[in-house]
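Okay, structure first, notes after.
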Amino acid sequence: MNTMAVSTAMTSGSVHLVSARQQSLSVAQLRVLWVAIIFAIVAAAAILRIGYLGFSDVGTRATSFAEALLPPRGELTDRHGVPLARAFPAYALWYNPKALGDPADPLVKSPQEVAQRLAQIFPGLDVDRTVRKLEAGRATYLRRRVMPEDANKVQSIGELALELPEETDRHYPQGSMGAHVLGYVNNEGQGRVGMEQVLNDRLVDASLRGEPVPLSIDMRAQGALEDELRAGMLATNAKGAAGIVLDVDTGEVMALASLPEFDPNKVRSEDLVLSEEQVKRGETPASFNRVTNQVYELGSTFKPLTVAAAIDAGTVRDFGRRYNARPVEVGRFEITDSHFLGNHLNVPETLIHSSNTVTARIADELGAEKMRQTMIDLGMSERPYIELPARGHPIWPGNNWPRLRNMTVSYGHGIAVTPLHLASAYAAMVNGGVWRPATLRKVEAGAAPKGRRVFKASTSSRMRQLLRMIAVYGTGKNADAPGFRVGGKTGSAEKPGSGGYRKTSLVSTFAAAFPMDKPRYVVIAMLDEPKGTTASSFQRTAAWNAAPIVGRLVPRIGPVLGVRPDMSRDIDMSDLEPLLPGARR
């Protein structure tokens with residue numbers, strides 16, 4: 001009996017143990033199954049992700065380690081590698097009213113106290129405007145550029161609503177220098193105005209942005225040009241100034257300046273758009289490029305172009321021929337000179353003394369069609385050729401030039417172009433007769449564009465003599481930098497206004513090239529509405545204000561551009577000097 005009970009108990013215990021083991025095994029199998037299922041799901045997700053990246057364009061946008069080392073935007077440099085525009089990490093000051101979780105009370109301190117503390121860190125901060133932003137309760141930027149040391153000071157204020165997200169900033173190490181060439185980058189990271197806009201796609205391209213883009217300008221020449229233009233503008237109380245230095249053989253822009261300038265590191269709204277009152281006063285925003293976008297009647301600087309066209313066409317053969325210099329009557333209009341220059345003048349005297357009447361007569365003999373075609377060949381009928389987006393359209397006289405219009409164009413009236421148009425035309429006139437488009441991209445040796453022939457080489461040779469004579473004996477004496485063999489022509493044109501030309505408002509220009517025995521560079525200096533001051537001997541004409549700018553500039557830029565002064569050399573003018581009484585040196 002007892003034996004049977006023990007046996008039954010042992011059997012029951014064995015069965016219970018087997019059942020427990022089977023249950024444990026089932027649980028373990030179930031767990032393994034769940035692990036396998038989870039693993040399969042993860043593996044499937046990974047495979048799907050890999051397939052998605054492999055067969056879609058997302059993979060091409062993935063950031064590799066090498067790409068992560070690249071700057072977010074490519075660098076711009078001058079022709080020698082001097083950095084002009086760089087991108088680097090920076091902080092922004094962002095106001096986030098939801099940071100504390102209570103939009104009704106987003107700040108610990110009062111908006112006035114917070115704004116005052118920020119103004120201590122950023123002296124230029126507008127306190128009242130900042131207070132209004134803080135009180136409005138909307139998320140917004142308070143400042144876009146914050147240096148790391150200033151970011152630490154902002155953190156010390158102790159306001160969670162003041163956030164400092166890290167962003168990419170565009171920095172221009174040279175400040176405002178070359179601003180109209182470079183342009184700027186807006187808050188959305190898009191290039192505007194200058195080469196930043198032109199090269200925007202190139203600068204953000206991941207496959208290209210690691211390589212800096214060299215521009216044609218030389219920052220040493222750029223700094224000198226801006227310095228001399230600014231000095232000339234301030235000395236004569238001019239409203240603006242413009243200048244360019246152009247390589248006559250390649251079309252490369254070595255320097256380009258428009259004043260007043262702006263700072264691309266800190267572009268203000270007034271740099272871009274003016275008020276109605278400012279527009280009525282004839283002002284232009286600082287970002288406006290006077291070299292490429294503003295058209296002017298450039299006056300007597302056109303006279304050498306007229307003479308070159310006449311020489312090329314064979315209308316002018318005898319440089320000793322005496323032309324009637326008395327006033328020219330065309331219908332009810334009369335063309336006169338600024339003062340009496342004599343009853344008769346030859347071609348060298350015409351350019352040296354800047355005679356309107358003789359130039360008009362030369363153009364009349366040349367004919368309107370040939371004059372017009374020469375201007376077309378020089379690019380005067382189209383926007384200037386350069387990469388910049390801001391390019392002014394010339395005021396072109398049209399297809400059929402009447403006799404009077406042909407005459408007025410000959411001395412730079414009745415046609416309005418940019419200073420860049422003039423620079424490219426002068427380059428063609430002195431480089432052997434070939435016109436080439438201007439460029440702000442560095443041109444490698446031997447890669448200059450072929451261009452188009454406008455003047456014969458013999459005509460160009462004659463014009464080099466005549467331009468040099470103007471600087472030695474005529475209105476360009478103040479531009480004659482010793483040893484640099486400068487040649488050029490002055491131009492003082494009255495600005496048009498309601499009811500005719502305004503005799504009190506001039507555009508003064510000096511168009512030059514150097515060295516004239518083997519021209520390398522064209523230099524244009526222009527002042528917009530200069531006044532007669534002590535610095536200009538109370539004169540408003542280009543001979544007294546624009547020409548001296550070139551005279552001071554050339555010795556500064558010549559050596560850095562490869563032209564050293566040489567007093568032993570000059571262009572041979574011996575066959576023309578006898579035509580000027582007392583001209584032999």
Whole-Hz Karplus ³J(HN,Hα) for the range 352-367, in order, using 6.51 cos²θ - 1.76 cosθ + 1.60 and θ = phi - 60°, x for Gly and Pro? 5, 9, 6, 8, 5, 5, 5, 4, 4, 5, 5, 5, 5, 5, 5, x
Residue-by-residue Karplus 3J(HN,Hα) for the range 380-395, coefficients 6.51, -1.76, 1.60, Hz, glycine and proline x: 6, 8, 10, 4, x, 8, 6, 6, 4, x, 8, 9, x, 8, x, 8
Using Cα centres only, tell me the gap between the range 125-158 and the range 296-370 in whole Å. 65 Å
Hey, can you grab everything whose amide H is under 5 Å from the amide H of GLU387? Only 5+ residues off in sequence or another chain; H modelled, so Pro and N-termini drop out. LEU440
Please sort 296-307, 438-449, 31-42, 72-83 by packing, taking for each peptide the average over its residues of neighbouring beta carbons within 10 angstrom, highest first. 296-307, 72-83, 438-449, 31-42
Please work out the FRET efficiency for the pair ASP126 and VAL560, using the Cβ-Cβ distance as r and a Förster radius of 41 Å; give the result to the nearest 0.05. 0.45
So the FRET efficiency between THR168 and ALA448, C-beta based with R0 = 51 Å and rounded to 0.05, is 0.90
Measure off 7 Å from each Cα along the Cα-to-Cβ vector at ASP318 and LYS518, then give the distance between these two points in nanometres to one decimal. 3.7 nm
Additional length obtainable on full extension of the chain from LYS456 to ASP201, 0.36 nm per residue less Cα span: 87.7 nm
Calculating Rg and Dmax of the Cα atoms in Å from this structure picks out, from [x] 36.3, 161; [y] 25.3, 78; [z] 26.3, 97, entry [x]
With an 8 Å Cα cut-off and a minimum separation of 6 or more residues, compute the relative contact order for the range 236-378 in percent. 18 percent
Need the full-extension length gain, LEU234 to ILE41, defined as separation in residues times 0.36 nm minus the C-alpha distance. One decimal, nm. 61.9 nm
Added length on full extension, which subtracts the Cα-Cα distance from 0.36 nm per residue, LYS280 to ALA151: 42.2 nm
Under 8 Å for C-alpha pairs, at least 6 residues apart: give me the relative contact order for the chain, rounded to a whole percent. 14 percent
Report, to the nearest whole %, how much of the accessible area of the range 435-480 belongs to carbon and sulfur atoms, 1.4 Å probe, protein only. 46 percent
In Å², what does the accessible area per residue of the range 426-569 work out to with a 1.4 Å probe? 39 Å²
Principal-axis tilt of helix 457-473 within the chain, Cα atoms, nearest 10 degrees: 80 degrees
Peptides 526-535, 481-490, 115-124, 333-342: what's the order by average Cβ count within 10 Å, highest mean first? 481-490, 526-535, 115-124, 333-342
Give a residue-ordered list of calculated ³J(HN,Hα) values for the range 179-192 (Karplus: 6.51 cos²θ - 1.76 cosθ + 1.60, θ = phi - 60°; whole Hz; x for Gly, Pro). 4, 6, 7, 7, x, 7, 10, 7, 5, 8, x, 9, x, 9
Protein-only accessible surface order, largest first, of LEU107, LEU100 at 1.4 Å: LEU100, LEU107
Ranked output for segments 379-391, 264-276 by mean other Cβ atoms within 10 Å, highest leading, reads 379-391, 264-276
Within the range 82-204, what whole-number % of the accessible surface is contributed by carbon and sulfur, with the 1.4 Å probe and all protein chains included in the calculation? 47 percent
If R0 = 60 Å, then PHE340 and GLN116, at their Cβ-Cβ distance, give a FRET efficiency to the nearest 0.05 of 0.30
Helix-derived [θ] at 222 nm for the chain: sum -39500 (n - 2.57) over DSSP H runs of at least 4, divide by residue count, nearest 500? -11000 deg cm²/dmol
Where the accessible area of the range 524-585 is counted over protein heavy atoms with a 1.4 Å probe, how much of it, in %, is carbon and sulfur? 53 percent
Please give the solvent-accessible surface of THR408 in Å², to the nearest 10, using a probe radius of 1.4 Å with every protein chain present. 20 Å²
The size of the Cβ-based charge dipole (Lys, Arg +1; Asp, Glu -1) of the range 434-529 about the Cα centre, to the nearest 20 debye, is 500 debye
Taking 7 Å along the Cα-to-C-beta vector as the label spot, tell me the ASN96-VAL32 distance in nanometres, rounded to one decimal. 4.9 nm
Over the range 149-199, average the accessible area per residue using a 1.4 Å probe and give it in Å², no decimals. 44 Å²
Rounded to the nearest 20 debye, what is the charge dipole size of the range 124-230 about its Cα centre when +1 sits on each Lys and Arg Cβ and -1 on each Asp and Glu Cβ? 240 debye
Accessible area expressed per residue, the range 316-376, with surrounding protein chains retained (probe 1.4 Å, Å²): 49 Å²
Amide H partners (placed H, <5 Å) of ALA85, local residues excluded: LEU76
Quick one: which residues, 5 or more positions from TYR296 or on another chain, have an amide H under 5 Å from its amide H? H modelled 1.01 Å from N in the peptide plane, none for Pro or chain starts. VAL417, THR418
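The values are calculated or read from the model by the stated rules, or taken from the named source; none is laboratory data. Since this is a predicted model, take the numbers as computed values, not measurements. Positions of Cβ are backbone-derived with ideal geometry, glycine not excepted, and every protein chain shown enters the neighbour counts. Heads up: the accessible areas ignore ligands, DNA and RNA and are worked out on the full protein's heavy atoms, side chains in. Shrake-Rupley method; radii C 1.70, N 1.55, O 1.52, S 1.80 Å.
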